[in-house]
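The values are calculated or read from the model by the stated rules, or taken from the named source; none is laboratory data. Owing to the predicted nature of the structure, the values given are computational and were not obtained by experimental measurement. Please note: Cβ atoms are built from the backbone with ideal geometry, for glycine as well, and neighbour counts cover all protein chains shown.
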C-alpha cells in the first residue's frame, strides 16, 4: 500500500498509481507539520510499503524536513519517495536528503517527465545511489557579514582518468588524491578516489561517519572511495573524474601511470629526499605531460625549481587531506584543459542589520 502526504498534487499521485496498476493510495492532505507528524502523530506505517512526501506541501525549515524524513527512515522499513516538483539538481535540501540515503526523487516540471520518474521510483527496487548521485552537492554555510561568490563550472571532457604517483613512501600521494577529489566536488563535479595499492580500509577515516556502500566502496566526507581493483565498479557510476592512487612509481605501475589522461608526480626537494626525487624526474625529463607537485618547500627552492621542470607546482600545507580549499589555484592550472567556468555570480550579501540578496549578471 502507498501513503502520500500532499496538498496540491493529489491528482498526479492518483493518476500515476492508477496507470501503473498500484491501487488507490491513501492521501493525507491535512498535514501542516511534517516534523510533528513524524515524531509525534505518526502511528504506524507497518501496513505500507511506500510513502510519498510532497515537500512543497510544507513551509518548514530544511532541517525539520530532514529530521522528519530521517525519523521515518529509521523507524520503518519503507520506501520513501520525495515529490519535489521543479527542484533542480544542486538544491541544498535534495542534497541533504541524498546524503541521508534518500534516492527516490520526482522533480520533473512536466507531466510526462513526472510520470517516468514516478515509474522508476515505484518499481520494486526504486532508485539507488548511482541513479541519484546527480543530486549530491556541497552545502554552503552562510554567516554574518559574509559575501558569497559562487562560480559555476562545466567539464570539457568526460571520464577523465588521473594517475598520481610519488617518488617515495609517505610523500603525500594519497593526500593529493583526496584534495583533488574534494576540489572537483567543490565545483559541483563528480569525482572518485580509486586506491591502486591498498584497500580503502587502510585510509584513516572516522568509521562512524563513513558510509559503506559495498565491499569495495565507502563514502566519507563527500568522497566516493574505492578499493584496489574496483575500477569496473567505479565506471558504472559515470564519474567525471577517476583519481587513481598508484603509490610509489616503479616498474610495475609505470605503464599504468603513463596511460592516464592526466599524470601527476608528487615529490620532495629536501636534501634527504633528492636521492629519490632526481632519478624519477630524469625518467620524464623530456616529457611535457607530467605535472610535478612538491611538498614543504622554502621560497628559495620554489624560485629555483619553478622553471626547471615543466608544469611545476608547490603544495600548500594541510593537516586535513579532506579539505576543499587547498591548492585551488594549482588544481585550476593543472586541469584547465578539462574544466571551464560557466558563470560568476554574487549570490548573497548578508549584514548584521539586514539581509540583502541580489543577482549580478556574470559571464555566461
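A few comments on the model shown:
- Single residue of the stretch 77-86 satisfying the filter (in contact with a strand residue (DSSP E or B) (Cβ under 8 Å, 6 or more places away or on another chain) and assigned to a loop (DSSP other than H, G, I, E, B)) that is surrounded by the fewest Cβ atoms within 10 Å (Cβ to Cβ): 78
- Output for the stretch 234-243, where each listed residue is outside any loop (DSSP other than H, G, I, E, B) and surrounded by 17 or more Cβ atoms within 10 Å (Cβ to Cβ): 234, 241, 242, 243
- Comparison of 243, 218 shows that the only residue that is under 23 Å from residue 331 (Cβ atoms) and within 22 Å of the chain's Cα centre (by Cα) is 243.
- The stretch 98-141 - residue that is modelled with pLDDT under 90 and under 14 Å from residue 55 (Cβ atoms) and, of those, surrounded by the fewest Cβ atoms within 10 Å (Cβ to Cβ): 100
- Residue among 16, 27 that alone is touching a residue at least 12 places away in the same chain (Cβ under 8 Å), in a helix (DSSP H, G or I) and in the same structural domain as residue 103 (by TED's automatic domain parsing): 16
- For residue 44, the conditions (1) in a loop (DSSP other than H, G, I, E, B); (2) without any contact (Cβ under 8 Å) to a residue 40 or more places away in the chain; (3) under 25 Å from residue 115 (Cβ atoms) are fulfilled apart from (3).
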